[in-house]
Amino acid sequence: MQTVKNFSDAELITAIKTGTNIDNAVGFIYRSYYRMLENFVLTNSGNEMDAEDIIQEVLVVFIDIVQTQRYRNEASVRSFLYTLTRNLWISELRKRNSDSKRNGFFEASREKEEEDVSDFLIYKEAQVLIVELFERMGEKCKQILTLFYYENLSMKEILKQTSYENEQVLRNRKYKCLKELTDIIQQSPTIINNVKSALQRSK
């Protein structure tokens, strides 16, 4: 019987940063934190499908942050993932034009690390550099990510502009596109250096 490995925060970050044992590290994150993150979405106007989509995106963004040296160890992995989930869900509610559901979120007190994460997400979506990365992807991924991140369309709105059979298929495709984007970044040292330089200038 295979032994399930537990990870400390330091071991998780090392595994993700180096790519060594990363599958087990991601599996540990799912086992340890999925229910907590899902519960946040479920108790704030979301459903199980919303939670699954957001958590998939959280994992991709978290891996990207760690591998581009943006994780500063100022917060635990648990707190960092919670904050990512919170910010991405607020962003999704914005796209659904649900002011009444999100006003309370904005007024809630924030932990210090949230400011770093929020700034990074806003910057990540705003910079021309990311558009250049989209150009390296297939037309379908480029279309989905552009509509979602730059035109701020909801998944239902994107579905109307694409040929996917239903919203779940579209969500799965978006997740694969995000993973492809992360792979492109990791395979090109030049891109990584450009991202790091741009991030330094944004501080």
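The values are calculated or read from the model by the stated rules, or taken from the named source; none is laboratory data. Remember, predicted model here, so these are calculated numbers, not experimental data. When we count neighbours, we look across all protein chains shown, and the Cβ atoms used for this are built from the backbone with ideal geometry, even at glycine.
Can you tell me which of Ile130, Ile122, Ile144 is part of a helix (DSSP H, G or I), at pLDDT below 75 and over 29 Å from Ser32 (Cα atoms)? It would help to see each step written out before you state the result.
Values: Ile122 fails: over 29 Å from Ser32 (Cα atoms); Ile144 fails: at pLDDT below 75.
The match here is Ile130.
Applying the condition of being among the β-branched types (Val, Ile, Thr) and within 8 Å of the chain's Cα centre (by Cα) to the stretch 52-75 and asking which residue is farthest from Tyr149 (Cα to Cα) yields Ile55.
Residue by residue, here is whether (1) of a type in the set (D, E, K, R); (2) in contact with a Cys (Cβ under 6 Å, 6 or more places away or on another chain); (3) more than 17 Å from Leu84 (Cα to Cα); (4) in the same structural domain as Ile90 (by TED's automatic domain parsing) holds:
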{"residue": "Glu11", "(1), (2), (3), (4)": "yes, no, yes, yes"}
{"residue": "Leu37", "(1), (2), (3), (4)": "no, no, no, yes"}
{"residue": "Gly46", "(1), (2), (3), (4)": "no, no, no, yes"}
{"residue": "Glu52", "(1), (2), (3), (4)": "yes, no, no, yes"}
{"residue": "Leu59", "(1), (2), (3), (4)": "no, no, no, yes"}
{"residue": "Ile63", "(1), (2), (3), (4)": "no, no, no, yes"}
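Is it true that Lys196 is out of contact with any strand residue (DSSP E or B) (no Cβ under 8 Å at 6 or more places or on another chain), within 16 Å of Ile65 (Cβ to Cβ) and modelled with pLDDT under 55? Quick ask: steps written out before the conclusion?
Details: out of contact with any strand residue (DSSP E or B) (no Cβ under 8 Å at 6 or more places or on another chain): yes; within 16 Å of Ile65 (Cβ to Cβ): yes; modelled with pLDDT under 55: yes.
So Lys196 fits the description; yes.
Criterion first (on the phi < 0 side of the Ramachandran plot, among the acidic types (Asp, Glu) and modelled with pLDDT of 75 or more) does Glu157 satisfy it? Spelling it out, Glu157 is indeed on the phi < 0 side of the Ramachandran plot, among the acidic types (Asp, Glu) and modelled with pLDDT of 75 or more. Every condition in (1) in contact with a Leu (Cβ under 6 Å, 6 or more places away or on another chain); (2) small (Gly, Ala, Ser); (3) loosely packed, with under 15 Cβ neighbours inside 10 Å is met by Ala25 except one, and the failing one is (3).
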